[in-house]
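Working notes, beginning with the structure itself.
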Amino acid sequence: MRVLGCTPVVSLVMTFLTVLHGAKWTYSGPEGQHYWPKHYPYCGGAFQSPIDLKPGLLRFDPTLRPIEIQNYNLSPNEQLTLGNNGHSVQISLPSKMHISSLPQRYTAAQLHLHWGSSSRLTGSEHMVNSKQYVAEMHVVHFNSDKYPTMSVAVDKSDGLAVLGVLIEVGDFNPAFEQFLRFINGIKYKDQKVQMPGFNIRQLLPERLDEYYRYDGSLTTPPCYPSVLWTVFRNHVTISRKQFLALATSLYSSDAQDSAPASLNGNYRRPQPSDSRVVLVSFKKGSARQGYLTVTSPLTRKRIVQQLLVGDLADLADEGLYQLLPSGSQKLHGKKKDLKNQESETPAKSKQQTLNSSLWKKSQTDQYVGKLGLAEDALCFISLEQKVSRQQKQFLVQALRDAAFPELNLKSYLDCKSDLALPTIRHILHGRPTDEANELKRSLQRAFNKRKTSTAIKQSGRVTKYGGLSTAAVPRTPHSPNYPHPWLLPMEWED
């Protein structure tokens, strides 16, 4: 996903980073995807996109609302700019367009596409259960409640929200024809044409209430993990002729180049899940098919509180396991709905009764706020400059290690990831006690046991950051090879 446009101040910062990184990148060849992290270190970092939306990652979230968009129906009198930036076709969008169903207002900035080639009818970036579609459209929005422009928001952890639309070859699509008929005017890099406005809503699927939701990144350099992704469940179609017009008409090089390079195959390969889960707004199937229901953010905050202020000696003995409805109660196959779960009193174990004030929201905000996650967003440019000064030789890994715990904890509290071992270590960093060290050792032993267990070997692998790979998500909450169920708080769907 390419982000264009800068304010003067941010332009200076981006110029500095461009000099630091190197400006040129491609999807294949010597400067292709494997090469990106060398000059754009976040491309080798945490929480990258796209991902394969496999069933084992999916968690049903009954609180997800239908996507609500405003002012998408543009008048033909409004002029839009259609351009070729050398990596994709891009349409600039007016600021009156926005998403109104998120906690903050996200204002539209641009839309662009990724696609395959005439010989390879697969070019979407996201996959659904390893199925790749022929193309994918991204409608990019920025958090205009917090940031004045797209370029200021692009490197903030809460900066962007992108609507992803999967595209398949099928019926002719008159909405896509509104801009495809102009692409001969932008055959070469940096060429632009003006085109009349049209109803952008018609580019999206009919149903906006069924979608996948997860925390991820830009899919092009600099790959900042700043995107709240919404990928619609239902695809749209374009005709084969429309697809071939997109895949064969454009070049990624300048008009002056003697050997122009075709613009196609412009999609990034799937990235590791990094302990993330994918929330879905729709129910499908049953628990037997692996669809789980997330627990509430309140329950997850209680877990973080217990790590921050609880009895760590008890937790080292797996006492925290009993705090969750997904603990011992689940071993007997009992099912509770989400409402009962949120009101349930945590189970008590030896010396583990916590003062009732611990669970008050003010206390929750206070302790979670210690980690800088209550109000402040991570600024990835600042983090990169800081780490670059400290550890230039190992910049990619240093940035990943610095960003992962913060990103994982924020997503965990929002139900969009599992709690990984480095994040627990990060939470315990301010508690340098013998008990904290014992808990760390206990957790490490638990993860090592899970990593070497026969069941995990047969079904998947453990990632570096302690999360299960897609195939390794356990199908039953009472597996003997799953020593710490509290790391993955969830409910089986009825």
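Just so you know, all these numbers are worked out from the coordinates, no wet-lab data involved. Fair warning: this is a prediction, and the values are worked out from it, not measured in the lab. Cβ placement follows ideal geometry from the backbone for every residue including glycine, while neighbour counts extend to all protein chains displayed.
In this structure, Ser100 and Glu168 have a Cβ-Cβ separation that, at R0 = 30 Å, corresponds to a calculated FRET efficiency of about 0.60. Remark: the Cα gyration tensor places segment 8-280 in the rounded category, a/c being less than 1.5. When the listed pairs Lys96/Lys410; Lys146/Lys301; Lys38/Lys131; Lys410/Lys440; Lys187/Lys241; Lys54/Lys283 are checked against a 19 Å cut-off, the alpha-carbon distance exceeds it for Lys96/Lys410; Lys146/Lys301; Lys38/Lys131; Lys410/Lys440. Taking 0.36 nm per residue of separation and subtracting the current Cα-Cα distance, fully stretching the chain between Arg240 and Asn184 would add 18.4 nm.
Only one residue of Trp229, Asn199, Gln256 has its Cα farthest out toward the positive end of the dipole of segment 8-280, where Lys and Arg carry +1 and Asp and Glu -1 on Cβ, and that residue is Gln256. Here the label points at Ser130 and Ser92, each 7 Å from Cα along the C-beta direction, are separated by 4.4 nm in the simple model.
The simple spin-label model puts a point 7 Å past each Cα toward its Cβ; for Ser258 and Gln397 those points are separated by 4.4 nm. Taking square-rooted eigenvalues a ≥ b ≥ c of the alpha carbon gyration tensor, is segment 170-252 rounded, prolate or oblate, where a/c under 1.5 means rounded and, failing that, a/b exceeding b/c means prolate? It is oblate, given that a/c is not under 1.5 and a/b is not larger than b/c.
Our summary gives segment 8-280 a relative contact order of 26 percent, counting only alpha carbon pairs under 8 angstrom and 6 or more residues apart. Remark: Phe182, Phe172 ranked as Phe172, Phe182, counting other beta-carbon atoms within 10 Å and listing the fewest first. Residues of segment 239-254 falling in the label zone of Lys24, defined by backbone nitrogen less than 14 Å from a point 7 Å along Cα to beta-carbon, are 252-254. Tell me, what is the percent relative contact order of segment 119-221, built from C-alpha pairs under 8 Å that lie six or more residues apart? Value for segment 119-221: 19 percent. A compact globular protein would have a Cα radius of gyration near 2.2 N^0.38 Å; the ratio found for segment 142-192 is 1.66.
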